[in-house]
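Reading through the structure tokens given below for one structure.
The values are calculated or read from the model by the stated rules, or taken from the named source; none is laboratory data. Everything quoted here is computed from the prediction, not taken from an experiment. Every residue, glycine among them, receives a Cβ derived from its backbone with ideal geometry; neighbour counts consider all protein chains shown. Only protein heavy atoms, including side chains, enter the accessible area calculation; ligands, DNA and RNA are left aside. Shrake-Rupley method; radii C 1.70, N 1.55, O 1.52, S 1.80 Å.
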Amino acid sequence: MSTYKVGQIIYAVLRKEAMVYPMQIVKETTEKSLDGEKTTYFARAGSDPDKILAVHEIDGEVFDNADAAKTTLINRVSSTV
């Protein structure tokens, strides 16, 4: 699992759309139990401040830089042509 910093910008390439979506990490929660520790990161999607989702729930690939997201998107399009 990747680690992020609150305030960091991540880039998602969704499975259903040929677009790169920038998102901002807005919250990090760590849960401790007898089974161990689990860290969950939450990102704000788009300009709506109320639209926050867990990064692991994003239906696509998540990157920490725009170039990697762009390369993945180009490879997807190239493979379908």
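Under a straight-distance cross-link criterion of Cα-Cα below 22 Å, which lysines are reachable from K5, leaving out those fewer than 8 residues away in the same chain?
Within the straight-line limit of under 22 Å, K5 reaches these lysines: K27, K32, K38, K51, K70.
Could you work out how much longer the chain between S2 and S78 gets when fully extended? Use 0.36 nm per residue separation minus the Cα distance between them, nm to one decimal.
Working: separation 76, 0.36 × 76 = 27.36 nm, distance 2.72 nm.
Extra length from S2 to S78 when fully extended: 24.6 nm.
Tell me which of Y4, N75, A45 sits at the most positive position along the dipole axis of region 2-81, charges placed on C-beta atoms (Lys, Arg +1; Asp, Glu -1).
The one lying farthest along the dipole's positive direction is N75.
Ignoring ligands, DNA and RNA, what accessible area per residue does the chain give at 1.4 Å, in Å²? Can you show the working numbers first?
On the way: 5820 Å² over 81 residues.
About 72 Å² of surface per residue is accessible.
Express the carbon and sulfur contribution to the solvent-accessible surface of the chain as a percent, rounded to the nearest whole number, probe 1.4 angstrom.
Details: 2930 of 5820 Å².
Heavy-atom surface of the chain belonging to carbon and sulfur, 1.4 Å probe: 50 percent.
Which entry in [x] 17, 46, 25, 10, 1; [y] 20, 56, 24, 1; [z] 17, 35, 21, 26, 2 matches P(r) over Cα pairs in 10 Å bins from 0, in percent derived from the coordinates of this structure?
Correct label is [x].
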